[in-house]
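Okay, structure first, notes after.
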Amino acid sequence: MKRTRAALRKRLTRPITALVTASWIACLYVPAPAAAQGAKDAEILQLINAGQYAAATEVLNAQNPSDADRAFTEGRISKVQGNLPQAIQSFRRALQIDPTYIKARRELAHTLLLNRQYDVAEFHFKALLDSDPNKAMHDGYRRFLNIIDRNKPIGVSGYFALIPSTNVNRGTTQSVFDTASGTFVIDPDSKASSGVGTQLGVSGYFRHRTGPKSRVTLNWGLAGTRYEDKIHDNATGVVSLSYEQNFDAGRWYISPFFSSTWREDDADYDTRGARFGIARRLSGKNTLYVSGSHEYRRFLDQGYKSGGYNLASLGLGHQIDPSLSVNGGLAFEFNNARLPHLRYYGHKLFAGVSKSWQGGLQTSSSIEFGVRDFVGDFPFTTSPRDDSYYGISAAVSNTRIDIGGFTPRLSCSYRVNQSNVAFYDYDTTECLASLSKNF
């Protein structure tokens, strides 16, 4: 039984080990300020990694080590041998002897992460951000904190955002509507209206690992937005259950979901459906993405809008270097609303780029071009609605900026929709400035 449990634990540890070990070697083993001391430490580590434990101990003993140094080296040996519980115990003993032993805290945090003790590992990485004077190490700590956040079994996050917009209601920029019966002046309520919204949101997840490479996740979220003109106020709640399976060249997932949206303008609706997707590495730098979804939208007071909606996309991502990536692809959609003039077929091209800069700066941008061909003639006209659109967006954040535990982020977009039906001829510029926090 003990052997079976040990074997299972080893199998469960491999994915995380592969994920973080390369990054750990690259960013955490920085030579100590004293050249001789750094050279000896590197020599000891090299011998340990080569399995020459006795030789490593001899080099250590020649330096007149402290008890903390001996415990630290024992921990390194246990870690390389795969005995993570024993390594954790040794690193903790080194810190008990010398609480300022930074290298021991680094190794303890990393070994706890490998052993899936996420909460304790998170505590030590955050402590390193506060106590490690070597600022070059901090980006590595933040990357490990992101890994922990993606793998913790339970998590909750919240955010506050300001949303200034030149066109809150996606109102038209046109003044008249040409119909088969004549030309009509468009009501001011249907024209573009600017405003600034305030948004509060909270979300969370419960994760359960079902195997060495699979897990089930329950996600939930609630967000509400208010404007000075209350007719634009809205709130949305969503819950989903996803199953994810990893394989050697990628992963796939399937996720049923349900959401409900309340709107002050009485356009309340709920949505139920399922999403699926697969990501497969084609080579060391290229990844193929395929995804799709099917859902049914039910409008409570506007039943004529109710109906199914389908979306499918095919994309390709390319990692130019560890800090720069690009992606692009093609998506298709079909809205099968109850009334023919609201049904449409659409497709779009999209592309994006993301970059991580020195100092913790993260930037991304994207662009899209699309068309929507409607089925039935629009009311009071003799032809179906025909739309084309394009948009560009950009986002910026910095992992080193921390405001009372909250992380700021700014994203902005510009979108133009051109239509042969004047009501849907509009453009909008919108930003979202948010502060978020993981609890």
What is the local net charge at Asn420, summed over the other residues whose Cβ is closer than 14 Å to its Cβ (Lys, Arg +1; Asp, Glu -1)?
-> -4
Taking 0.36 nm per intervening residue step and subtracting the Cα-Cα distance, what contour gain separates Ser131 from Leu349 on full extension?
-> 73.8 nm
Amide H contacts of Asn169 (H built 1.01 Å from N, under 5 Å, at least 5 apart or other chain) | Ser193
Expressed in nm², what is the orientationally averaged projection area of the convex hull enclosing the Cα positions of the range 241-367?
-> 10.3 nm²
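What value, in deg cm²/dmol to 500, does the helix sum -39500 (n - 2.57) over DSSP H runs of n ≥ 4 give at 222 nm once divided by the residues of the chain? Each step should come with its number before you reach the end.
Working: 8 runs with 120 residues, N = 439.
Result for the chain: -9000 deg cm²/dmol, rounded to the nearest 500.
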Per residue, accessible area of the range 387-432 with a 1.4 Å probe, heavy atoms of protein chains only, in Å², comes to 50 Å²
Protection proxy ranking of 263-274, 166-177 - average other beta-carbon atoms within 10 Å, highest first | 166-177, 263-274
Grab the range 29-184 and count how many Lys pairs have their alpha-carbon atoms under 20 Å apart, sequence gap of 8 or more, or different chains.
-> 7
Looking only at Cα atoms, what is the convex hull volume of the chain per residue, in Å³?
-> 155 Å³
Packing-wise, with mean Cβ within 10 Å as the measure, how do 208-214, 75-81 rank, highest first?
-> 75-81, 208-214
With x for Gly and Pro, the residue-by-residue ³J(HN,Hα) of the range 285-292, computed from phi through the Karplus equation 6.51 cos²θ - 1.76 cosθ + 1.60 at θ = phi - 60° and given in whole Hz, is 10, 10, 10, 9, 10, 10, 8, x
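How charged is the neighbourhood of Ala68? Take every other residue with its Cβ under 9 Å from the Cβ of Ala68, and add Lys/Arg as +1 and Asp/Glu as -1. Mind showing how you got there, number by number?
Working: positive: Arg70, Arg93; negative: Asp67, Asp69, Asp98.
In short, -1.
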Other residues with Cβ under 14 Å from the Cβ of Gly273 give, with Lys and Arg +1 and Asp and Glu -1, a net charge of +1
With the full set of protein chains in place, find how many percent of the accessible area of the chain is carbon and sulfur; take the probe as 1.4 Å.
-> 58 percent
Can you work out the base-10 log of I(q)/I(0) for the range 297-439 at q = 0.11 1/Å, using the Debye formula on its C-alpha atoms alone?
-> -0.61
Specify whether the C-alpha gyration tensor of the range 104-226 places it in the rounded, prolate or oblate class, a ≥ b ≥ c being the square roots of the eigenvalues: rounded for a/c under 1.5, otherwise prolate if a/b is larger than b/c and oblate if not.
-> prolate
Find the accessible area per residue for the range 215-271; the probe is 1.4 Å, ligands and nucleic acids are left out, and the unit is Å².
-> 55 Å²
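The values are calculated or read from the model by the stated rules, or taken from the named source; none is laboratory data. As the structure is a computational prediction, the values presented were derived from the model and not from experiment. Here Cβ is always computed from backbone atoms with ideal geometry, including for glycine, and neighbour counts include all displayed protein chains. Ligands, DNA and RNA are stripped out before the accessible areas are found, and what is left, the full protein with its side chains, is counted by its heavy atoms. Shrake-Rupley method; radii C 1.70, N 1.55, O 1.52, S 1.80 Å.
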